[in-house]
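Note sheet for the following structure.
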């Protein structure tokens, strides 16, 4: 096991495409870091740069403190698990597990010891004499994991390993991978485009977009304190509501923003330190769906007014899709509110929404979050 350090790593192709841009990431020894982002954002390329399957254009890749830029994949002592499993179809499970050890010319005794260890670890005993075509998707994935772990690599790299499994099986295998990582304390870098996988698996999560790492942090940090509008919109289901706004000062001298034509006074903890320009500055406001609630009857008509466009009743909660008129946005703003239980709302109904002022996020014109007053950068 070993740490992984990427220092200002870049990958440019001959046609000028920049797949990875100035990436600096530290993965601690024994940590599970998840790289998440939409298709084409550079996360799989970054994984291949660590593995040595792609050549770094600029920057350094370190494994266990040693620079490995010039080393072959075999010399880096990393194992990679692909989304298509990459098992040898003509070999039994036992021979698939033994193969990487035979290639390294390990003794029969050591090979048998390691295969027995990984067989017990992943509960593969009843599968050893089967061919890959005789296995279910989940069983194939466990064998692919076993073939990677049997080598006792310094780092395990997983490239969307669950994408070929159905939804129920993904949940099961995801839990198995998380437990396996905890038991073996293996350094893992896990790539996925599924934010649910990312948020439930990673000790830390790195969100990527257009080749750049937007933010690295714990799942809670990414959800509660997104660094950019991209992270705010990507993390969370439904995603954060984002819409144009501007800073203002209400009649009592308190900082406020306008949403859908309504003025929302910010809580002291959420009051931003505005850049040059002060009040009247155009910003992007972000509000999580759960930070919106229906106004109590006696306050109806005083909150943010919105029209119900669509309702999703999910049993434990109701997702209300709404539209509010807004002088800044020509077509108004669309909002999603997460309401508890089964709320009876009708399409076309006008409702009043209250906003949790403690949970308003503000982003500057560059898409980066503004820090709050008294908060360290």
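Where a number appears in this text, it was derived from the coordinates with a stated rule and is not lab data. Since the structure is predicted, the reported quantities are computational estimates derived from the model, not experimental observations. As a convention, Cβ positions derive from the backbone with ideal geometry for all residues, glycine included, and neighbour counts pool all protein chains shown.
Would you order 166, 5, 29 from fewest to most other beta-carbon atoms within 10 Å of each residue's own beta-carbon? Intermediate results must be reported in sequence, preceding the final value.
Details: 166 10, 5 19, 29 14.
So the residues, fewest neighbours to most, are 166, 29, 5.
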Counting DSSP beta bridges with both ends in the stretch 4-233, the antiparallel % (nearest 5): 50 percent
Applying a 10 Å radius around every beta-carbon, put 205-212, 341-348, 84-91 in order of their mean neighbour count, most first. 205-212, 84-91, 341-348
Residue 77 and residue 312 label points (each 7 Å along its Cα→Cβ direction) are spaced in nm at 4.6 nm
How high is the FRET efficiency from residue 167 to residue 349, r the C-beta distance, R0 35 Å, rounded to 0.05? 0.60
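Computed FRET efficiency, Cβ-Cβ of residue 57 and residue 99, R0 41 Å: what is it to the nearest 0.05? Mind dumping the intermediate values first?
On the way: r = 33 Å, r/R0 = 0.80.
Once rounded, the FRET efficiency stands at 0.80.
Rounded to the nearest 500, what is the chain's calculated 222 nm mean residue ellipticity when only DSSP H runs of at least 4 contribute -39500 (n - 2.57) each, over all residues?
Values: 8 runs with 85 residues, N = 377.
Helices in the chain give a 222 nm mean residue ellipticity of -7000 deg cm²/dmol.
What FRET efficiency do you get for residue 67 and residue 13 if R0 is 22 Å and r is their Cβ-Cβ distance, rounded to the nearest 0.05? Working shown, then result.
Values: r = 23 Å, r/R0 = 1.03.
That gives a FRET efficiency of 0.45.
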Please find, in a Gaussian network model of the chain (springs between Cα atoms separated by less than 10 Å), the residue of 351, 20, 231 whose mean-square fluctuation is greatest. 351
Specify the inter-centroid distance of the stretch 122-159 and the stretch 238-257, based on alpha-carbon positions, in whole Å. 52 Å
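Just want the ordering: 336, 150, from fewest to most Cβ atoms lying within 10 Å of their own Cβ. Kindly include the intermediate steps, with their values, before the conclusion.
Numbers: 336 19, 150 25.
With the fewest neighbours first, 336, 150 line up as 336, 150.
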